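The values are calculated or read from the model by the stated rules, or taken from the named source; none is laboratory data. None of the values given here were measured: they were computed from a predicted structure. Reconstructed Cβ throughout: ideal geometry from the backbone, glycine too, with neighbour counts over all protein chains shown.
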């Protein structure tokens, strides 16, 4: 199954099972995607590998935003120079979103990309933490390593997609 097939399968599953529209559109730079709790947007300029991760990861954050006010509040802002306590919360928030992403993959019948998703999630987290700590954006792939510890799929709880922000102002670095 190609990554285009994976994207199409995930998109269809998110829209049909959860009623969340996935829109491929222009997302203002420097962002690669956006969410508001009821829709997911992926920038049309992203390569297919990035688009697959973005749609799955933003789905994970959508679950969080619709099941936890604390997660929604944490994910809605940028944090320059976060304390180590806040870094620990951000890591847990990102990991949980990736665990929902893995469950989404499995529920949609995508079971051959567990290591790829773990590697991509590790790269994304390293990029995000470096950005929070330094305020600089190095090339995303400069954080890539292979063989990251596998994620554990987290069951997706029941939720009702709800628009939590009035405009597309969610933060996806």
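So residue 17 ticks every box in (1) at pLDDT 95 or above; (2) within 19 Å of residue 165 (Cβ to Cβ) but one. Which box is left unticked?
All conditions are met except number (2).
Pick from region 115-137 the residues that are free of Cβ contacts under 8 Å to residues at least 40 places away in the same chain and farther than 15 Å from residue 90 by Cα: which of them is surrounded by the fewest Cβ atoms within 10 Å (Cβ to Cβ)?
Among those that are free of Cβ contacts under 8 Å to residues at least 40 places away in the same chain and farther than 15 Å from residue 90 by Cα, it is 136.
Across region 138-147, which residue is modelled with the lowest pLDDT among those that are touching a helix residue (DSSP H, G or I) at 6+ places or on another chain (Cβ under 6 Å) and surrounded by fewer than 16 Cβ atoms within 10 Å (Cβ to Cβ)?
Residue satisfying both the conditions and the ranking: 140.
Residue by residue through region 29-57, note down the ones that are surrounded by fewer than 19 Cβ atoms within 10 Å (Cβ to Cβ), in a loop (DSSP other than H, G, I, E, B) and either on the phi > 0 side of the Ramachandran plot or in contact (Cβ under 8 Å) with a residue 24 or more places away in the chain (or both).
Residues satisfying the conditions are 30, 31, 38, 39.
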